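In what follows, a single structure is set out as structure tokens and then discussed.
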Amino acid sequence: MNFLMKHLRLFLPILLGILFVFSVAKSSTDTTKRISVYISFSEVCPLCKEMLPSIEEIIQKFESKCFFYFVLTNKNVSKEKLYRLIEKFQKKPILIFDSSKTVAKRFGFTVTPEVVVLNVENEVMYSGALDDRFVDFGQTKKHSIKPHLHDALQSIIKGKSPSIVSTKAFGCYISYRPQYKPIFESVK
């Protein structure tokens, strides 16, 4: 028994090292890497609320191939309202509370909702609107809707570039103005 314990202490670190190397090699060729879908979202934007059923449908369809993120840029996000909006989702998006708008600036978000899709190499493959239902601010289409995000994800999953890589998104503006604080308080 002593002999076994003595040699086990010597060879166990080597064995664990070999296992680690093989697991790293396997994970680098693993096909479970996922596409990242970032959606600028606001719990108070009527267009975001209108898009929720479409967003939920896309998340359910592509959840095994994609990570979904809601980028929330409101400084005073009502978490209660937000959780109520997505409570029915079977698969919930990852929430990024971005009051400093760092993520929004990185992706160039100007409105909510707006989408950026990154492939597994973190290259932007699609950016813009989820679909073409909004033609201008306050104007929606009554007929056929082109599912831009859905089509882009299908193409990317197949290893192809989407036929449309960028569209104009319409929605609630994201304010990038600095929040100034008054230097002097008013006297009452």
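Just a few scattered comments:
- Counted residues, segment 113-164 - those being in a loop (DSSP other than H, G, I, E, B), within 25 Å of Thr73 (Cα to Cα) and either of a type outside the set (A, V, I, L, M, F, W, C) or at pLDDT 95 or above (or both): 9
- Residues of segment 74-124 classified as more than 14 Å from the chain's Cα centre (by Cα) and aliphatic (A, V, I, L, M), total: 5
- Options Thr112, Thr167; residue that is surrounded by 14 or more Cβ atoms within 10 Å (Cβ to Cβ), in contact with a Phe, Trp or Tyr (Cβ under 8 Å, 6 or more places away or on another chain), within 25 Å of Arg34 (Cα to Cα) and among the hydroxyl-bearing types (Ser, Thr, Tyr): Thr112
- In segment 136-146, the condition of being buried (at least 16 other Cβ atoms within 10 Å of the Cβ) and either free of Cβ contacts under 8 Å to residues at least 12 places away in the same chain or under 17 Å from the mean Cα position of the chain (by Cα) (or both) is met by no residue.
- Applying the condition of being in contact (Cβ under 8 Å) with a residue 24 or more places away in the chain and part of a helix (DSSP H, G or I) to segment 88-109 and asking which residue is nearest to His150 (Cα to Cα) yields Phe107.
- Within segment 44-87, being crowded, with 19+ Cβ neighbours inside 10 Å, touching a Lys or Arg at 6+ places or on another chain (Cβ under 6 Å) and either part of a loop (DSSP other than H, G, I, E, B) or touching a residue at least 40 places away in the same chain (Cβ under 8 Å) (or both) holds for Cys66, Thr73.
- One residue alone among Phe109, Phe170 is under 20 Å from Phe68 (Cβ atoms) and not aliphatic (A, V, I, L, M), and that residue is Phe109.
The values are calculated or read from the model by the stated rules, or taken from the named source; none is laboratory data. Computed from a predicted model, the values in this text were never measured in an experiment. As a convention, Cβ positions derive from the backbone with ideal geometry for all residues, glycine included, and neighbour counts pool all protein chains shown.
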